[in-house]
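The values are calculated or read from the model by the stated rules, or taken from the named source; none is laboratory data. All values reported here derive from a predicted model rather than from experimental measurement. Virtual Cβ from ideal backbone geometry, glycine too; neighbours counted across all protein chains shown.
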Amino acid sequence: MTYSELSTAFAHRFGEAPALVLRAPGRINLIGEHTDYNDGLVLPAAIDKEIRFALRLNGSDRIRLVALDFDATYEVTVADLAPLPGGHWANYQLGVVAGLLKRGAQVPGFDCAFGGDIPSGAGLSSSAAAECGVAWGLNNLLDLKLDTMTLAQLSQTAEHEYAKVMCGLMDQFASLFGRAGHVVELDCRSLEYAYFPFDTSASRLVLCNSGVKHALADTGYNTRREECAAGVAILQKYDPAIKSLRDATLPAIEAAKAELGEVIEKRCRYVVEENQRVRDLTARLAEHQSLTEVGELLYASHAGLRDLYQVSCKELDALVELSRQAPGCYGARMMGGGFGGCTLNLVDTGRVKEFLAYMKQGYHDQLGRELETYVTNLADGVGEYLGD
Ligand code: GLA
C-alpha cells in the first residue's frame, strides 16, 4: 500500500485527506522466546514489513475504522467502547483507545484507514503493529506527550484486555523501538535496552513461513503463562527471593523437582536456559564471535521450545531440520509464540539464494506445501510515513 494509495483510499472513504500518515513495523526475534512475560531478556528487531495508517480527527464522537486489506469497516462511539467477540480485527485499535481513556486522555472521534504487508498468524506481530500504530498516531494527533515506553505498555494492555492474549512486552517494544540495521536487547524487568548492529554483509536473517497459521488466543500461549506462574509459586516456597522465572536457577529447579512435576519443571528449565542463551548471544554479538556459535544458540533455542516448552509443531520442526543441510545456514529456530508461523534462519549473505531454493524444494518434498520466505531488513520503529 503506497502513500498515495492509502491517502486516496482514505479520502475516498472519509471525504477528506488524512492529517497524519504513519507506518508501524512487524518484528522478528533473534533469541529470547517466551522470556518476556517471565521478566527476562529478549533480542528482537523491527522489520521492513509494516502496517500503514492514515488518520484524522473527525469532529464527532465516532471512531470509524477501515481495514483496507480485507475491505472491512467498523464504527463505534467513544463512549460505547468494549471488546468485540470472536477475535474481531478492530479489537487492537479499540483496545488502544480504551487504554488512552483509562489514562485520563480525552479521545474524540477519529477516522482511520490502514493496510499493510505483515502476514497475519505468521508470528511477525501484525497485532502489535496494529496497536502501536494507533497508539503513536493518537499520541501525536492529540499531542498527549506520552513517552514511547508508555505507548508500548498501553498497546500490550490492549492485547490483554481486548484481544485476550496475555502477551509480554516484546512485540510492542520492538515495533516502537526498532532501529534500522540493529537488533535490540530488552530487559523486560528493568526495561533497560541496548542496540546491537547486525552486519548484513556477513549474514542475513531469513524467515521461512510454515504456512501454519496460529491465533495465540486459541493456543497454549495463555496456558504457558499460567504454567510459569505455577512454577514460580512453588519455587518461592524454597527460595522467597524468586519473584519470577528470571530469578530461578537450574539448581533451584532441581531442588523443587518433585513438587514441580514433570511439565512445570520443563517449562521452568526452558525459561532459565533461554535467558542464558540471550546473554550468550549478545556477548557474542558484542565480541563479533563466529556465526557458527550464534547459529548453535538458535538450534539450542529451538530444541528447548520443541522439547521443554512444547510450543513447536511438525512443520516448524521439519523446517529447522531441513535448515541443517541447507547451503549457508548457520542456525535456525521457530520464532514468536509458536504453534505455527515462521522459522528464523541465520544465513550466509552470499548463499541466500541457494538456501531459499533448497528450503522451498525440501519443504515441498516433505510436506507437500509451498514455502513462503522473506529475507528481512531490520527497520526503524513506528514513525511518520512521508512516502517512499
Ligand atoms: C508472542 C507474544 C510475545 C512473546 C512471544 C514469545 O509474540 O506476543 O509477548 O511472549 O510470543 O516469545
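Looking at Ala122, is it within 12 Å of the ligand (Cβ to nearest atom), among the hydrophobic types (A, V, I, L, M, F, W, C) and within 30 Å of Thr349 (Cα to Cα)? It is true that Ala122 is within 12 Å of the ligand (Cβ to nearest atom), among the hydrophobic types (A, V, I, L, M, F, W, C) and within 30 Å of Thr349 (Cα to Cα). For Val311, the requirement of being among the β-branched types (Val, Ile, Thr) and under 21 Å from Lys213 (Cα atoms) is met. Taking (1) in contact with an Asp or Glu (Cβ under 6 Å, 6 or more places away or on another chain); (2) hydrophobic (A, V, I, L, M, F, W, C); (3) modelled with pLDDT under 95 in turn, Met1 satisfies each apart from (1). Against the definition (at pLDDT 95 or above and farther than 20 Å from Gly86 by Cα), how does Thr148 come out, yes or no? For Thr148, the condition - at pLDDT 95 or above and farther than 20 Å from Gly86 by Cα - is met.
Across region 333-350, the qualifying residues are those that are more than 16 Å from the ligand (Cβ to nearest atom) and aliphatic (A, V, I, L, M), and the one among them that is farthest from the chain's Cα centre (by Cα) is Val347. Each residue in region 170-212 was checked for being more than 24 Å from Val347 (Cα to Cα) and out of contact with any strand residue (DSSP E or B) (no Cβ under 7 Å at 6 or more places or on another chain), and 6 of them qualify.
Checking each residue in region 26-73 for being closer than 25 Å to Val184 by Cα and either at pLDDT below 95 or away from the ligand (no atom under 14 Å from the Cβ) (or both) picks out Asp48, Lys49, Glu50, Ile51, Arg52, Phe53.
Among the residues of region 49-56, is any touching a Lys or Arg at 6+ places or on another chain (Cβ under 6 Å) and either of a type in the set (Gly, Ala, Ser) or within 30 Å of Tyr270 (Cα to Cα) (or both)? Taking every residue of region 49-56 in turn, none turns out to be touching a Lys or Arg at 6+ places or on another chain (Cβ under 6 Å) and either of a type in the set (Gly, Ala, Ser) or within 30 Å of Tyr270 (Cα to Cα) (or both).
Residues checked against (1) surrounded by 16 or more Cβ atoms within 10 Å (Cβ to Cβ); (2) not in a helix (DSSP H, G or I); (3) not hydrophobic (A, V, I, L, M, F, W, C):
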{"position": "Ala332", "(1), (2), (3)": "yes, yes, no"}
{"position": "Gly336", "(1), (2), (3)": "yes, yes, yes"}
{"position": "Gly340", "(1), (2), (3)": "yes, yes, yes"}
{"position": "Leu346", "(1), (2), (3)": "yes, yes, no"}
{"position": "Ala357", "(1), (2), (3)": "no, no, no"}
{"position": "Tyr363", "(1), (2), (3)": "yes, no, yes"}
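Is there a residue in region 235-246 that is within 29 Å of the chain's Cα centre (by Cα), in a helix (DSSP H, G or I), of a type outside the set (Ser, Thr, Tyr) and closer than 20 Å to Arg279 by Cα? There is at least one residue in region 235-246 that is within 29 Å of the chain's Cα centre (by Cα), in a helix (DSSP H, G or I), of a type outside the set (Ser, Thr, Tyr) and closer than 20 Å to Arg279 by Cα.
In region 237-259, the residues that are more than 28 Å from Leu186 (Cα to Cα) form Cβ pairs under 9 Å with partners that are outside any helix (DSSP H, G or I), at six or more places apart or across chains, as follows: Lys237/Ala256; Tyr238/Ala256; Ala255/Asp239; Ala256/Asp239.
Keeping to region 163-191, report how many residues are surrounded by fewer than 22 Cβ atoms within 10 Å (Cβ to Cβ), polar (S, T, N, Q) and within 12 Å of the ligand (Cβ to nearest atom). The number of residues fulfilling the criteria is 0.
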